[in-house]
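Undergrad: If you scroll down you'll find the structure; I have some questions about it.
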Amino acid sequence: MAERLFLRLDEDPLHGRESSTPAGTLRAFAVRAALQAHVSHILLYRETFAHGHEVRERVLPDGAVRLVFNLGDAPSAGEGAGQPVEAIGASAAPVVVRMRRKVEGLSVTLRPGAATALLGVPAGEIAGQVVHLDRLWQGDAGRLLSRMAEAPDDAARAALLEAALAQRLRDSGDERGRVHAAAMHAARLISASGGRQPLRDVAAAVGVGERRLQQLFGAHVGLSPRTWARLARLHGCLRALRLQPAPAWANVALESGFYDQSHLVNEFRALCGVTPTEFLGRAVSGSSKTAA
């Protein structure tokens with residue numbers, strides 16, 4: 001069965017040009033000011049597949065925690081069934097998503113350090129997992145999904161979702177409702193350096209020791225700082241490949257902060273599930289079919 005690719009980097013409005021997602025499938029909603037410290041983006045997705053036909057999409061990791069509200073047939077990862085309302089924990093592994101019939105819903109991507117405020121549990125408690133959101137929201141997620149399904153249009157659904165998120169922040173109290181500033185700052189420093197800044201320097205910059213930095217990342221990001229740095233290095237490499245249609249892999253490896261070409265290949269396999277050459281082949285195929 002053919003497998004398409006999905007990639008989204010921070011600067012991509014909807015998805016990267018490498019993605020095979022058909023044009024018009026995704027729509028972004030502006031995040032209201034009250035949520036911008038906690039939510040990086042809200043996307044609506046809608047796609048219909050032929051009866052009996054299944055599409056598999058390889059989603060490359062970005063390390064984010066997400067909330068997903070499925071109004072149609074919930075996509076699934078692996079052999080298990082998808083759930084109507086989900087909290088998807090931070091992960092550095094690629095996921096192959098299976099989609100059938102009519103896929104429709106809204107996805108909320110949380111900023112690093114914001115999970116506790118909106119989920120009620122540390123990001124580390126759901127790392128690498130897909131959890132039914134009603135387990136964390138005590139049934140409120142399912143009720144919200146029902147209200148969204150009855151809304152007259154997409155804008156109204158997004159407004160209901162944002163209002164519910166804003167209410168959860170108000171209900172969580174001043175302390176728990178805040179993003180964890182040190183974790184967010186550290187994550188930004190690592191990302192901005194493309195994963196190259198030594199972790200001892202990152203810890204010093206946010207005023208903690210390296211061990212405390214590990215604890216903060218585990219609780220509030222859901223990944224270790226070293227894993228976050230691996231993703232940042234990969235994303236930097238993916239950006240570089242957008243400028244090099246015929247890359248010299250040894251040079252790309254060194255310029256992106258890998259030890260050598262072998263290190264680059266191993267990291268692509270671990271984080272993307274494909275080799276760099278396989279990725280480039282899929283990226284070229286995707287960019288020739290879709291508009292980002």
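Undergrad: Within region 238-249, identify whether any single residue is of a type in the set (F, W, Y) and modelled with pLDDT of 95 or more, and answer yes or no. Spell out the reasoning first.
TA: First, the residues of region 238-249 that are of a type in the set (F, W, Y): 249.
After this cut, where a residue has to be modelled with pLDDT of 95 or more as well, the list is none.
No, the conditions are met nowhere in region 238-249.
Undergrad: I would also like to ask the following. In the list A64, A87, which residue meets the criterion of being buried (at least 21 other Cβ atoms within 10 Å of the Cβ), within 21 Å of S191 (Cα to Cα) and either in the same structural domain as L133 (by TED's automatic domain parsing) or out of contact with any Cys (no Cβ under 6 Å at 6 or more places or on another chain) (or both)?
TA: Only one candidate qualifies: A64.
Undergrad: If you scan region 1-24, which residues turn out to be surrounded by fewer than 17 Cβ atoms within 10 Å (Cβ to Cβ), of a type outside the set (G, A, S) and closer than 24 Å to G281 by Cβ?
TA: Across region 1-24, the qualifying residues are M1, E3, L9, E11, D12, R17, P22.
Undergrad: Now, a different point. Between a residue in region 140-169 that is in the same structural domain as G72 (by TED's automatic domain parsing) and any residue that is surrounded by 14 or more Cβ atoms within 10 Å (Cβ to Cβ) and among the acidic types (D, E), which pairs come within a Cβ distance under 7 Å, given they are 6 or more apart or on different chains?
TA: Correct list of pairs: A141/D134; G142/D134.
The values are calculated or read from the model by the stated rules, or taken from the named source; none is laboratory data. As the structure is a prediction and not an experimental result, all values here were calculated from the model. Neighbour counts are summed over all protein chains in view; Cβ atoms, including those assigned to glycine, are modelled from backbone coordinates with ideal geometry.
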